[in-house]
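To keep things clear, I will list the structure first and then write my remarks on it.
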Amino acid sequence: MSGMFDLAIVGGGPAGQAAAEIACAAGLSVVMLDEQPRMGGQILRQPPRSLKVRDWLPGVTYRDLKAQLHRAEALDGLDWRGGVSVLGLFPRPDGLRLLASGRDGRQILEARHVLVAAGCYDMPVAFPGWTLPGVMSAGGVQAFIKSQQIVPGSRFVLSGTHPLQLLVADQLRKAGAEVAAVHFAQSMAAMAGQVLRDPLLPLGHPRPFRDAAAAFANLRRAGVPVRFGQRLVRARGSERLEAAEFADGTTIACDVLATCYGFLPQADLLRQAGCAMQRCARTGGFAAKVDRWQCTSIAGLGAAGETTGVAGAEVALREGRLAAIGVLLSDGLLSESEAEGRAAPIRRELGSLQRFADLLARIADPREAIAGLADDATILCRCEDVTRGALIRAISATAGPEDASALKLVSRAGMGVCQGRSCEHAVRALLAEHGAAPGSGFTARFPARPVAIADLID
Amino acid sequence: MSRRVASQHPGPILILVDGAEVIALPGEMLASALLAADKPVFRNDLEGKARGMFCNMGTCGECFVTVEVPGRPARRLRACLIPVEPGMKVQRG
């Protein structure tokens, strides 16, 4: 126990940094916890200090984010705790208690306010062969380049529906990797159609679109095939990945297949605490419902960034600012009109950024691309090795399970170390397909991250 | 085959993976050292099929390995989140 913090921030990405900057400037005691050893979040996942990297994450996209990161790392009043996994959040009469674990065992902290800015993770999409070593999420591949200076293979195929894969492919290429192909499941016309529904929107210089276009041009210049309407159906290989196979029969030899279908909020802690959530229609997963100061349905508990719905770093950091201003307002350090005055320009920017984020989400909609991909022998729950066929048998059994949590109990799907993060959206979709009500997903259980039992007993 | 992109770093260290010496860079994550040593298989599933890295951000748990460092008991840890240390002993599976 280390006293009562004014604010505990879970997650050291752009949202958490932005909140920390404002809260520390107002003199609050702030602690920030993150599983990574260094601050940055996934977007700015930093290399270890021992690796000197020249020209790390160049370009205008990262410039402002890096400036904020450097300011946040230099904050005097910030108690930074890297390499720490937050396992649970427990509302208390005067604040919240956090239970966390790190290399030195468990930590219990208390804070009057908690902000969960835990980011998102790549949507795990099940298809035949997806458990082969070499099939990875695109974000995972990107993190190897960004933070580890590792090109995690020699010949890469990127496949999915999300334009981020263009950026990852371009970063791979620049790091000297061979990119055999970048395949989008949707047609170019379908993507353009989404843009044309709101034709003036992309002219407003949104970074994600400019970056994707620049990466596309780089890849084309470098001779990397970028194709549309190419739906991934299978990964082939025995002990490790050997090729990616597409719906038209095309097979491309590769030792890494990076899939990129979108992102799900890291929302376990909030679900566990009992916050009101909303379902993400396109990708599955759940996002926290928040009010105009980023407060969840639980007093003292806020959420910002991808945890409230995946919309990118530019939205995240502004939500982090709003959350911190809200904390100052609730502590009486700002008057209502002062808080509204500081929030007004942020809210205006958020309005237009959110429209771009919505457009990107529509373009990247994975539902059509992934429908029917898994066959009955495909593992949906990677932790407990539960196949789609086994789940269908469990659903179809007399008086079959009514919702995801009931199905978990009879099938073990969702019972493993990932706490259902990998399979929940697929299990819910399968239940819906079979006429059952998927409900609110698996009941979120402690701990949000795996921990040795010995660490919990003191 | 994975490979490291040139960067300035202190001298490499040795770790033991299933009894064999593997060269690692101080500060890098265990998962990186395993991939750079061309060891993409981290475990076998219930059917004996090979499994490896998947999310690389602590979320999926596919990279669990048994890790022992001098002076500490062996633990099951996510290789994507654990920096290598000299004398680290790792068992896959």
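The values are calculated or read from the model by the stated rules, or taken from the named source; none is laboratory data. Nothing here was measured: the structure is a model prediction, and the numbers come from that model. Virtual Cβ from ideal backbone geometry, glycine too; neighbours counted across all protein chains shown. Heavy atoms of the whole protein, side chains included, go into the accessibility calculation; ligands, DNA and RNA do not. Shrake-Rupley method; radii C 1.70, N 1.55, O 1.52, S 1.80 Å.
Quick notes on this one:
- Sum of side-chain charges, A:Gly229 neighbourhood, beta-carbon under 14 Å (Lys, Arg +1; Asp, Glu -1): 0
- Virtual paramagnetic centre 7 Å along Cα→Cβ of A:Asp376, amide N under 13 Å, in segment B:42-62: none
- Its alpha carbons considered, segment A:19-80 gives a radius of gyration followed by a Dmax of 12.6, 36 Å.
- By accessible area, using a 1.4 Å probe on protein heavy atoms only, segment A:124-261 has 56% of its surface on carbon and sulfur.
- Using Cβ point charges alone (K and R +1, D and E -1), the dipole size of the protein assembly as shown about the Cα centre works out to roughly 780 debye.
- Per-residue SASA entry for A:His162, accessible area with 1.4 Å probe, Å² rounded to 10: 30
- When you filter the trypsin sites (Lys or Arg not before Pro) in segment A:258-360 for DSSP loop state and at most 13 other Cβ atoms inside 10 Å of their Cβ, you are left with A:Arg292.
- Loop-resident sites, segment A:360-448, for GluC sites (Glu not before Pro), counting at most 14 other Cβ within 10 Å (DSSP): A:Glu402
- For the pair A and B, total buried accessible area rounded to nearest 100 Å², probe 1.4 Å: 4100
- Residues whose amide H lies under 5 Å from that of B:Glu85, counting only those 5 or more places away or on a different chain, are absent; hydrogens are built 1.01 Å from N in the peptide plane.
- Backbone N within segment A:224-260 under 12 Å of label point (7 Å from A:Glu178 Cα along the Cβ vector): A:253-256
- The amide H of A:Tyr121, built 1.01 Å from its N in the peptide plane, has A:Leu264, A:Gln266 as neighbours under 5 Å, considering only residues 5 or more places off or on other chains.
- The string of couplings for segment A:74-86 from the Karplus curve (6.51, -1.76, 1.60, θ = phi - 60°) is 8, 5, 5, x, 9, 8, 8, 10, x, x, 10, 9, 7 Hz, one whole number per residue in order, with x for Gly and Pro.
- Per residue, in Å², the accessible surface of segment A:374-433 once ligands and nucleic acids are set aside, probe 1.4 Å: 40
- Loop-located chymotrypsin sites (Phe, Trp or Tyr not before Pro) across segment A:23-92 with a Cβ neighbour count of 13 or fewer within 10 Å are lacking, with loop assigned by DSSP.
- Overall dimensions of segment A:124-261, expressed as equivalent-ellipsoid semi-axes from the Cα gyration tensor (√(5λ), whole Å, largest first), are 25, 18, 12.
- Gain in span if fully extended, A:Asp94 to A:Ser238, counting 0.36 nm per residue against the direct Cα distance: 46.3 nm
- Relative contact order for segment B:13-91, counting Cα pairs under 8 Å that sit 6 or more residues apart, in percent: 38
- Inverse of mean 1/r across different Cα pairs in segment B:22-93, Kirkwood, Å: 12.3
- For A:Cys418, no residue has an amide H sitting under 5 Å from its own, ignoring neighbours fewer than 5 places away on the same chain, with H placed 1.01 Å from N.
- Under-17-angstrom lysine pairs by C-alpha in the protein assembly as shown, whenever the two are 8 or more apart or on separate chains: 6
- Positions from segment A:50-99 whose accessible area shrinks by 40 Å² or more when the full protein complex is built, not the chain alone, probe 1.4 Å: A:Ser50, A:Leu51, A:Lys52
- Net +/- balance of residues flanking A:Gln149 in space, Cβ distance below 11 Å, scoring K and R +1, D and E -1: +4
- Rel. contact order, % - alpha carbon contacts under 8 angstrom, at least six apart, segment A:205-332: 13
- Residue-averaged [θ]222 nm for chain A, counting only DSSP H segments that reach four residues, each worth -39500 (n - 2.57): -10500 deg cm²/dmol
- Angstrom value of the Kirkwood radius, inverse mean 1/r, which spans all Cα pairs in segment A:374-433: 11.0
- Accessible surface of segment A:379-458 [probe 1.4 Å, protein heavy atoms]: carbon and sulfur percent: 55
- Per residue solvent-accessible surface (Å²) - segment A:63-161, probe of 1.4 Å: 29
- Cα-based Rg / Dmax (Å) for the protein assembly as shown: 22.4, 65
- For chain A, averaging the sequence separation of C-alpha pairs within contact (under 8 Å, six or more residues apart) and dividing by the residue count gives a relative contact order of 17 percent.
- Spin-label model distance (nm) - B:Gln8 vs B:Arg43, 7 Å beyond Cα toward Cβ: 4.0
- A crude spin-label estimate for the pair A:Ile453 and A:Arg63, with each label 7 Å from Cα along the Cβ direction, gives 5.5 nm.
- Per-pair calculated FRET efficiency, R0 = 45 Å: A:Asp331 and A:Arg367 via Cβ, rounded to 0.05: 0.55
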